[in-house]
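What follows is one structure encoded as structure tokens, with my remarks underneath.
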Amino acid sequence: MIQGISYAALSPVLIVALAGLALLLADAFEVPRRVLGTGAVAALAAALVAVFALVPGRPHVTFCVPASLRGAGPLPCSYIVDNFTLTFQGIVLASALVVVLMSLDSLDDVPMGEYLFLVFCAVVGVLTLVAARDLILLVVALETLSLPVFALVALKRYDGRATEAAIKLFLVSVISTAILLFGISLVYGATGTMHVGLIGPVAADLKPVMAAGIVMIVAGFGFKVAAVPFHFWAPDVYQGAPLPVAAFLSVISKAGGFAGLAIVLALGFSSYGHVWGPLIAVLAAVTMTAGNLMALRQTHAIRLLAWSSVAQSGYMLAPLAVGSHHTTQAVAATVAYVAFYAIMNLGAFAVVTGFGPRVLVEDYRGLARVSPWHGAALAFFLLCLAGLPPGIMGLVAKIVVFEGVVTGGVTWLAVVMAINTVIGLYYYLAWAVRLFQPATGSVSLPQGLPFRSAVAVTAAGATVLSVEPQLLLQATLSLG
Amino acid sequence: MMLILLLLIPLVGAAVLAFLPGRIRYGLYVSGLTLLAFAVLACVFDYDRTERMQQDVDWSWIPALDIRFHLGVDGISLPLVGLTVLLTFLCFVYLGRHPDKHPRMLTVLLLVLEVGMIGTFLAQDLLLFFVFFEVVLIPMYALIAVWGGPERRHAAYKFILYTLLGSALLLVGLLILGVNAGTFDMVALAAGHGTGLSHTVQVTAFLLIGLGLAVKAPMWPLHTWLPDAHTEAPTVGSVLLAGVLLKMGTYGFVRVALPALPSGAETWAPYLGFLAVIGIIYGSLACLAQTDLKRMIAYSSVGHMGFVLLGIATLTPVGVNAALFGNIAHGLITGLLFFLAGSIKERYGTGSLEGIGAGMLARQPHLAAVLTFACVASLGLPGLAGFWGEMLALVGAYRPGAGLPRETFVTYMVVAALGAVLTAAYFLRLLSRITHGRRVEVAEVADVRPLEWVAWTPLIVLTVLVGLWPKALLDLTDAPVRALMGG
């Protein structure tokens with residue numbers, strides 16, 4: 001039987017995939033780096049346009065079980081382009097664009113074509129992941145995302161630390177995939193379906209099996225989003241990897257993990273909220289607390305950002321703790337936070353990438369005096385991450401998450417979050433304050449156009465969203 | 001539109017200054033313009049309908065979260081906004097004589113601070129209120145951390161971490177209130193008087209909101225950030241911190257917590273009153289033990305805000321009116337006291353009573369006279385502003401709201417009255433050690449300078465006026481308070 005495939009629905013994925021191949025080939029013919037970079041930016045922009053083109057007339061579906069093979073009930077499709085998918089694809093493509101801009105200046109010792117090819121492969125994985133609505137496609141997409149990342153982390157071939165980071169990431173990732181697959185097999189055994197939309201209640205004697213399956217799937221995604229206790233890889237890998245790759249891991253890879261988690265929990269296991277709701281609540285509370293407490297102790301800028309991104313994962317998990325109450329709203333809150341976080345965190349990473357040789361937080365002393373715009377931008381991003389005005393964007397993101405948690409009635413988690421925002425403020429503020437203190441040494445400033453545009457794009461985005469958060473929220477909160 | 005203008009003038013002023021080389025004088029003009037805008041607002045304000053929200057601005061801001069840009073002014077907000085713009089303006093006047101490092105940054109921060117303070121008193125949407133509540137944190141932090149005394153970094157961190165913890169809990173409480181009531185509109189919430197909110201929800205929400213506001217107010221035992229912050233902050237920081245920022249906490253009680261959560265308030269009021277009374281006694285006793293002028297005034301704030309909180313805890317119109325009156329009186333008098341403390345510290349190079357020495361009346365008669373005036377006003381001399389707020393709070397405690405244990409509150413009243421006596425004791429002790437006594441010769445120091453007169457005279461005049469005609473202020477707040485309290 002021949003199935004029709006909606007290429008329009010797949011267009012963002014196809015554009016990125018073909019562009020990745022083209023870049024790899026072009027590198028083989030020794031096309032200059034600048035041309036490769038321009039091509040990559042153009043391809044991602046084109047994919048972004050394709051995402052916007054798909055907005056009218058959604059949802060688009062493809063890879064569906066043919067009508068002759070299924071009984072009554074909802075249409076089981078493996079690939080669905082709805083609001084959720086489009087929002088995440090938009091976030092991922094925009095973030096990838098910034099990551100590529102960050103890379104063009106900072107990765108001089110890396111073969112650009114291969115690098116871009118690997119990034120594009122991983123992006124293809126995420127774009128597919130967010131549209132996947134069956135468990136097999138989810139796993140395949142997750143692996144498409146993960147495999148190139150190992151290579152990306154190890155890209156600095158002669159750097160021992162990078163190699164160690166890659167091995168660590170590889171081992172952790174393989175184990176998490178194994179656990180995830182085991183969980184999926186249990187769920188399949190209990191329900192007899194792979195489509196998340198078709199997973200329903202099971203017989204009483206299968207409930208323990210189902211519960212075990214759900215816990216394992218949550219654990220599997222927990223590795224991806226660096227939730228405690230599956231977070232150990234994050235600081236070492238972030239530190240060892242090239243900085244743009246660390247940014248990629250902390251934003252794009254994490255967005256993929258949260259999308260997958262939201263898909264399986266909210267769509268697949270919506271009737272099992274009593275199983276995963278409390279589990280997520282505890283994970284979220286422990287993740288944000290541990291992340292913040294560890295970040296307090298860091299003196300190394302990248303390790304601080306790594307632990308802070310662990311803590312931020314906790315905030316993103318928190319709305320999902322509501323379980324079956326107001327699940328749609330909770331998912332919307334998580335997506336909104338991921339979107340806001342993507343901009344603020346990429347912004348911080350962009351500035352830090354530009355000042356790569358500055359390793360310790362202490363080295364940033366006086367940056368705002370040497371380079372007022374970059375210093376102000378970094379301070380702004382840090383305050384956004386802390387969620388304090390003038391970083392109103394971050395404050396609104398926090399309000400969204402708090403509201404999701406409070407609406408679901410998990411008040412204790414909201415109080416834990418409240419205490420955590422205070423811990424978080426301390427280290428963000430300590431860093432931001434250093435920027436304005438008198439400088440200690442001389443500094444060389446990065447001058448490249450790609451770097452400056454990466455900072456400018458994220459700063460402009462953060463500023464606009466601080467005045468009009470509605471621009472992003474109307475997309476993210478209209479899910480469901 | 002007047003209200004938008006009131007926020008826009010300092011905001012645009014700050015934004016423009018970020019790109020221009022500027023001086024304190026620029027801030028003087030901008031805050032003067034804001035003061036002018038307030039004067040116009042005070043003229044067009046309808047004094048016969050003080051309980052109504054006037055000059056309403058209600059724009060959609062973040063519809064996805066149901067956050068509206070909703071501003072309004074009534075008889076409760078008007079005096080507080082007036083206090084804010086006046087004190088900010090006087091701070092710039094004062095700074096004109098005291099050139100400091102980084103004048104441009106100082107001006108920007110003060111103007112942003114002004115936006116946050118005005119916005120808090122005008123906001124009529126719970127989350128907008130919260131956003132403005134947060135806006136003041138970073139500027140005040142920077143004021144303390146950059147222009148403060150030797151222990152400034154520690155004090156600044158203590159200030160921001162404490163108050164952020166408060167406001168994070170406040171956010172949770174506000175969300176519980178708003179989500180369960182189905183609206184974030186403060187006017188609708190106040191009109192609803194807690195209808196549709198279960199007792200449990202009200203108790204939880206009042207606890208969280210109350211904790212958040214109590215840190216700001218500050219209420220004993222959450223006050224420990226205050227003495228450090230005040231001691232280390234520069235003069236203008238102390239003035240605005242004591243004069244306006246503390247009021248944001250008590251204002252929140254009156255505007256949000258009491259009207260929207262009446263049954264939660266009833267549950268917690270005896271505890272609130274208890275802690276308020278402890279604050280009064282504790283503040284007075286702590287003052288007796290202080291050797292530093294600024295630290296002593298800071299602790300006296302804990303005591304005075306205790307009276308304000310006691311007034312709120314009575315849940316009666318009399319008590320709440322007393323609280324709002326006490327807010328304004330404390331803003332005027334303590335603002336003046338911190339100006340004086342700053343000037344004295346600058347002249348003598350030290351804030352310790354020992355270092356200043358006795359006999360100031362002989363050395364600098366004018367400065368000592370103003371200090372004496374501020375002290376007796378602060379200790380609650382009848383005829384000056386400080387008296388009415390404390391007296392009415394005691395009257396309110398004598399007849400607390402229905403449903404509150406009367407014996408308990410009468411006990412509070414007696415203890416608080418003792419606290420008022422203690423207040424007199426430490427201020428008189430202060431005066432006897434500084435202004436009176438045998439003249440100690442110190443290096444030549446100037447008496448009150450012209451610019452200082454300009455900055456202080458409005459506060460002195462208002463303290464006398466409000467003290468002699470308390471009715472003017474009470475008439476303004478009484479109708480809205482009765483409307484908020486439901487009758």
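The values are calculated or read from the model by the stated rules, or taken from the named source; none is laboratory data. Treat the numbers as computed from the prediction; the structure is a model and nothing was measured. When we count neighbours, we look across all protein chains shown, and the Cβ atoms used for this are built from the backbone with ideal geometry, even at glycine.
So which of A:Gly240, A:Gly222 is under 17 Å from the mean Cα position of the chain (by Cα) and buried (at least 22 other Cβ atoms within 10 Å of the Cβ)?
Unique residue meeting the criteria: A:Gly222.
Which numbered condition trips up B:Ala385, out of (1) at pLDDT below 90; (2) more than 30 Å from B:Glu266 (Cα to Cα)?
That leaves (2) as the condition not met.
With more than 10 Å from chain B (Cβ to nearest Cβ) and more than 25 Å from B:Pro139 (Cα to Cα) as the only criterion, which of A:Val410, A:Val406 stands out?
Working: A:Val406 fails: more than 10 Å from chain B (Cβ to nearest Cβ).
The unique qualifying residue is A:Val410.
Just to confirm my filter: which helices (runs of 4 or more DSSP H) fall fully inside segment A:110-205 and include at least 2 residues that are of a type in the set (Ser, Thr, Tyr) and farther than 16 Å from A:Ser250 by Cα?
Ranges flagged: A:112-131, A:160-191.
Could you identify the single residue in B:Leu127, B:Leu106, B:Leu110 that is in contact with a Cys (Cβ under 8 Å, 6 or more places away or on another chain) and assigned to a helix (DSSP H, G or I)?
On the way: B:Leu127 fails: in contact with a Cys (Cβ under 8 Å, 6 or more places away or on another chain); B:Leu106 fails: in contact with a Cys (Cβ under 8 Å, 6 or more places away or on another chain).
B:Leu110 is the lone residue from the list that is in contact with a Cys (Cβ under 8 Å, 6 or more places away or on another chain) and assigned to a helix (DSSP H, G or I).
Please pick out the residue among B:Val108, B:Val73 that is β-branched (Val, Ile, Thr) and either within 14 Å of chain A (Cβ to nearest Cβ) or more than 29 Å from A:Gln470 (Cβ to Cβ) (or both). Walk me through it before giving the result.
Values: B:Val73 fails: either within 14 Å of chain A (Cβ to nearest Cβ) or more than 29 Å from A:Gln470 (Cβ to Cβ) (or both).
Just one listed residue meets the conditions, B:Val108.
Might you let me know whether segment B:219-230 holds any residue that is free of Cβ contacts under 8 Å to residues at least 40 places away in the same chain, of a type in the set (Ser, Thr, Tyr) and more than 14 Å from chain A (Cβ to nearest Cβ)?
For segment B:219-230, residues free of Cβ contacts under 8 Å to residues at least 40 places away in the same chain, of a type in the set (Ser, Thr, Tyr) and more than 14 Å from chain A (Cβ to nearest Cβ): absent.
Could you please let me know if B:Leu41 is closer than 30 Å to B:Val146 by Cα and touching a residue at least 12 places away in the same chain (Cβ under 8 Å)?
no
Cβ-Cβ below 7 Å, separation at least six or inter-chain, first residue in segment B:50-68 and under 29 Å from B:Thr477 (Cα atoms) and more than 11 Å from chain A (Cβ to nearest Cβ), second of a type in the set (Lys, Arg) and buried (at least 18 other Cβ atoms within 10 Å of the Cβ): which pairs?
Going by the 7 Å Cβ cut-off, the qualifying pairs are B:Asp58/B:Arg68; B:Trp59/B:Arg68.
Hey, can you tell me all the residues within segment B:78-100 that are within 16 Å of B:Phe45 (Cβ to Cβ) and either at pLDDT below 90 or within 14 Å of chain A (Cβ to nearest Cβ) (or both)?
Correct list: empty.
Do we find that A:Ser95 is buried (at least 24 other Cβ atoms within 10 Å of the Cβ), in contact (Cβ under 8 Å) with a residue 40 or more places away in the chain and among the hydroxyl-bearing types (Ser, Thr, Tyr) in this structure?
Criteria met by A:Ser95.
Against the conditions (1) assigned to a loop (DSSP other than H, G, I, E, B); (2) crowded, with 24+ Cβ neighbours inside 10 Å; (3) more than 10 Å from chain B (Cβ to nearest Cβ), where does A:Leu388 fall short? Just the number, please.
A:Leu388 satisfies every listed condition except (3).
Being part of a helix (DSSP H, G or I) and more than 9 Å from every other protein chain (Cβ to nearest Cβ) is the filter here, so list the residues in segment B:140-155 that pass it.
Across segment B:140-155, the qualifying residues are B:Met140, B:Leu143, B:Ile144, B:Trp147, B:Arg152, B:His154, B:Ala155.
Conditions: (1) in contact with a His (Cβ under 9 Å, 6 or more places away or on another chain); (2) within 12 Å of chain A (Cβ to nearest Cβ); (3) under 18 Å from B:Ile62 (Cβ atoms). B:Phe133 meets all but one. Number of the miss?
Condition (1) is where B:Phe133 drops out.
Based on this model, can you work out whether A:Leu137 counts as crowded, with 24+ Cβ neighbours inside 10 Å and under 20 Å from the mean Cα position of the chain (by Cα)?
Values: crowded, with 24+ Cβ neighbours inside 10 Å: no; under 20 Å from the mean Cα position of the chain (by Cα): yes.
For A:Leu137, the condition - crowded, with 24+ Cβ neighbours inside 10 Å and under 20 Å from the mean Cα position of the chain (by Cα) - is not met.
Any idea which residue in segment A:392-403 is farthest from B:Phe132 (Cα to Cα), counting only those that are more than 9 Å from chain B (Cβ to nearest Cβ) and touching a residue at least 60 places away in the same chain (Cβ under 8 Å)? Quick ask: steps written out before the conclusion?
Step one: list which residues in segment A:392-403 are more than 9 Å from chain B (Cβ to nearest Cβ), which gives A:393-394, A:397, A:401.
Add one more test, that the residue is touching a residue at least 60 places away in the same chain (Cβ under 8 Å), and what stays is A:393, A:397, A:401.
Values: A:Met393: 14, A:Ala397: 16, A:Val401: 19 Å.
Applying the filter and picking the extreme gives A:Val401.
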